[in-house]
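Inspection log for the structure reproduced underneath, given as structure tokens.
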Amino acid sequence: MEQAPSDKYPIRTGLNVRDSQGTIVMHNPVSRTWTPDKVTYVAENEVLAFGSNLQGRHGKGAALDAELYHGAITNKGEGFMGEAYAIPTKKEPYVVMDVDDLKPGFANFIKWAKATPEKTIMLPAIGTNNAGFTPKQIVTAFGSDLVQPNITIPKSFWLELSYADKAKYMSLHKDDMGPGRGSALTMAIAKQK
């Protein structure tokens, strides 16, 4: 049985949280510094990137969510569709790619991201659940091109970046963290080099 909304359990509508009377009680609770583990909402001009298989069978995880809620198309295993972008991490639903085979799909994604700077792209930890790669393997396959002004990444990917790329990422996304916090963290990281 579904619980009725109350002040104790506010309702999330878009980027706002509203109480039972519809009053905004928290604005913009979603961090745009890091991509959350599970993306449940995609705002206008935002895109959910997700790990896919080349056959475009979106049956599990973020791929299934992308198909059900964000316009991903069955039998399309790579590219932009609806509010989603498929990045191949598997050859078939149960056949994982070699790490080197990830690079062309990653390059296509980065090329698209650079060509669409008006979009904010949320890249979750693709390839680390169903495909079984480590965050380090994914980040290494992306290379330093992963750090773009319009791509948010999960903290697990950020931890695997080089110090220079960590600093670059934080400087690009400092406005998402509040006044001054990005630049202080960027300087602390740069000192560690």
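On the given criteria, is residue 168 at pLDDT 95 or above, open to solvent by 30 Å² or more (accessible area, probe 1.4 Å) and in a helix (DSSP H, G or I)?
Against the criterion (at pLDDT 95 or above, open to solvent by 30 Å² or more (accessible area, probe 1.4 Å) and in a helix (DSSP H, G or I)), residue 168 does not qualify.
With respect to residue 105, determine if the residue is touching a Pro at 6+ places or on another chain (Cβ under 6 Å) and open to solvent by less than 20 Å² (accessible area, probe 1.4 Å).
Spelling it out, residue 105 is indeed touching a Pro at 6+ places or on another chain (Cβ under 6 Å) and open to solvent by less than 20 Å² (accessible area, probe 1.4 Å).
Name the single residue, out of those in region 126-158 being open to solvent by 30 Å² or more (accessible area, probe 1.4 Å) and not in a helix (DSSP H, G or I), that is farthest from residue 88 (Cα to Cα).
Filtering first and then ranking leaves 149.
For region 111-122, check the following and say yes or no: at least one residue is modelled with pLDDT of 95 or more, closer than 16 Å to residue 89 by Cβ, surrounded by 14 or more Cβ atoms within 10 Å (Cβ to Cβ) and under 16 Å from the mean Cα position of the chain (by Cα).
no
Say we look at region 67-97 and pick out the residues that are more than 10 Å from residue 48 (Cα to Cα) and touching a Lys or Arg at 6+ places or on another chain (Cβ under 9 Å); which of these is most open to solvent (accessible area, probe 1.4 Å)?
That would be 75.
Let me confirm something: among 54, 64, which residue is over 21 Å from residue 155 (Cβ atoms), modelled with pLDDT of 90 or more and surrounded by fewer than 16 Cβ atoms within 10 Å (Cβ to Cβ)?
64
Could you list, in sequence order, the residues of region 129-144 that are modelled with pLDDT under 95 and over 15 Å from residue 101 (Cα atoms)?
If the condition is that a residue be modelled with pLDDT under 95 and over 15 Å from residue 101 (Cα atoms), then 129, 130, 144 are the ones that fit.
If residue 100 meets every condition in (1) assigned to a helix (DSSP H, G or I); (2) within 18 Å of residue 79 (Cβ to Cβ); (3) open to solvent by 30 Å² or more (accessible area, probe 1.4 Å) apart from one, which number is that one?
If we test residue 100 against (1) assigned to a helix (DSSP H, G or I); (2) within 18 Å of residue 79 (Cβ to Cβ); (3) open to solvent by 30 Å² or more (accessible area, probe 1.4 Å), just (2) comes out false.
The values are calculated or read from the model by the stated rules, or taken from the named source; none is laboratory data. Note that the coordinates shown come from a computational prediction; the quantities given were computed from them, not determined experimentally. Here Cβ is always computed from backbone atoms with ideal geometry, including for glycine, and neighbour counts include all displayed protein chains. When the accessible area is computed, the model is the full protein with side chains, heavy atoms only, and any ligands, DNA or RNA have been set aside. Shrake-Rupley method; radii C 1.70, N 1.55, O 1.52, S 1.80 Å.
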